[in-house]
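Notes follow the structure.
The values are calculated or read from the model by the stated rules, or taken from the named source; none is laboratory data. A quick note: this is a predicted structure, and the numbers were derived from the prediction, not measured. No Cβ is skipped: glycine too gets one built from the backbone with ideal geometry, and neighbour counts run over all protein chains shown. The accessibility values were calculated without ligands, DNA or RNA, using every heavy atom of the protein model including side chains. Shrake-Rupley method; radii C 1.70, N 1.55, O 1.52, S 1.80 Å.
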Amino acid sequence: MVREAFVTLVTNDLYCDGALVVAQSLRSHGTKKDIVVLTTPHVSAACRSRLAVLFDHVVLVNILDSNDSAHLALLHRPELGVTFTKIHCWSLTQYSKCVFLDADTLLLTNVDELFERNELSAAPDSGWPDMFNSGVFVFKPSMHTFQELIQLADNQGSFDGGDQGLLNTYFSEWSTSDSSKRLSFLYNMHSTSTYSYSPAFKQFGKDTKIVHFIGNPKPWNHKYNEQTGQVEILEGSGILEPALLKHWWEVCCQARKISNVEKLSPQFENLTVSKSSDKISDPLEVEDDKMASHRQHFLQLQASNVDYTGVDSFDHIQAKLDGILQSSSPTRPSTSVKKNT
Ligand code: UDP
Ligand code: GLC
Ligand code: MN
């Protein structure tokens, strides 16, 4: 039997709600495909337990980080080095074809027809349309491709410090290949006016199939009042259509309710470990107090109680990330892809 799946990625608890929304919107539009999330050991058990409710498989992989602060600075997104972890999606060889969706996407309709396309199909990036945006793409899992991408990352790196630069270098024929590989922008509609073209949105936006909340802030950074259904939109966020944000929050509330399992450590029957991620510590061994404190912090962030000068300050997060990256398998060269400077 042909096996096909939608795949997303979550490397930390902050993107957990986003992934839940991806899964919930796929399910509510009746997908017939599997729904898979790649997670890393630093995603809390509480978060993984929620993911396990809505996803068919929660696949544990090791973090891959470009550590390329120079190029990430050009992108103004220092945190996106970990998007190299996306490369792991090529190791899902139990599937013959997959569609990757960033955790900041939201489906407005069923898009199972994307599986009629071949690797690598994607929509143009609105910042540089000769490139594809790597928030939504059709691909064929293959260990050969996985290894070649790792090698490319090691030898050459990525020109934006994240996966999009790397993937556009590897699949460089995308912009000149046949039109079937060029997905309509409706499959990856960038939600902010800084990236998009408002008159076109007015004309064609109603046919959008997948919204991509590209850039910052993310939908979960805006405050939502479930009682009144009002979203307090952060200033300068450039959101094209507030109704899309409201819709994201409605789906998020549904997803949170469905995935709100009573116990924090349920049976992880569908937790599988990727073939390419040996020697990863067992996530179920995370100590209880650490888990409780992660959850507490996560709940604070969810309530938009961000401690800008303390635990959530850039310096603190940077120090934490450095610690995490140092402790993540220094013996495995592929876990942390070297800088290309
Ligand atoms: N991501 C993640 N943890 C991070 C940053 C990114 O798991 O700390 C994953 C997540 O799936 C996210 C994707 O990588 O959607 C790409 O990052 P993002 O969507 O923030 O980039 P943008 O689309 O805004 O450029
Ligand atoms: C892009 C894409 C995102 C990718 C990032 C880093 O803006 O939307 O999916 O992770 O660049 O390359
Ligand atoms: Mn994104």
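Summary table below
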{"read-out": "Computed accessible area, M131, all protein chains, 1.4 angstrom probe, square angstrom", "value": "30 Å²"}
{"read-out": "Candidate residues H57, H42, H212: accessible-area rank, largest first, probe 1.4 Å", "value": "H42, H57, H212"}
{"read-out": "Restraint check, K33/K206; K206/K246; K140/K218; K209/K246; K33/K181; K33/K246, Cα-Cα greater than 23 Å", "value": "K33/K206; K140/K218; K33/K246"}
{"read-out": "Anisotropy class of the stretch 103-261 from Cα gyration tensor, a/c 1.5 cut", "value": "prolate"}
{"read-out": "Neighbour net charge for W174 - beta-carbon separation under 13 angstrom, K R +1, D E -1", "value": "-2"}
{"read-out": "Length gained when the stretch L74-K223 is fully extended (0.36 nm per residue, less Cα-Cα span)", "value": "50.7 nm"}
{"read-out": "Most to least accessible of I239, I150 (protein chains only, probe 1.4 Å)", "value": "I239, I150"}
{"read-out": "The stretch 1-127: equivalent-ellipsoid semi-axes (sqrt of 5 x gyration tensor eigenvalues, Cα, Å)", "value": "23, 18, 14"}
{"read-out": "Environment charge of S196, counting only residues whose C-beta is closer than 13 Å and scoring Lys/Arg +1, Asp/Glu -1", "value": "-1"}
{"read-out": "Label-point separation in nm, Q203 to K32, each point 7 Å along Cα→Cβ", "value": "3.5 nm"}
{"read-out": "The stretch 57-107 and the stretch 1-41: distance between their alpha carbon centers, rounded to Å", "value": "13 Å"}
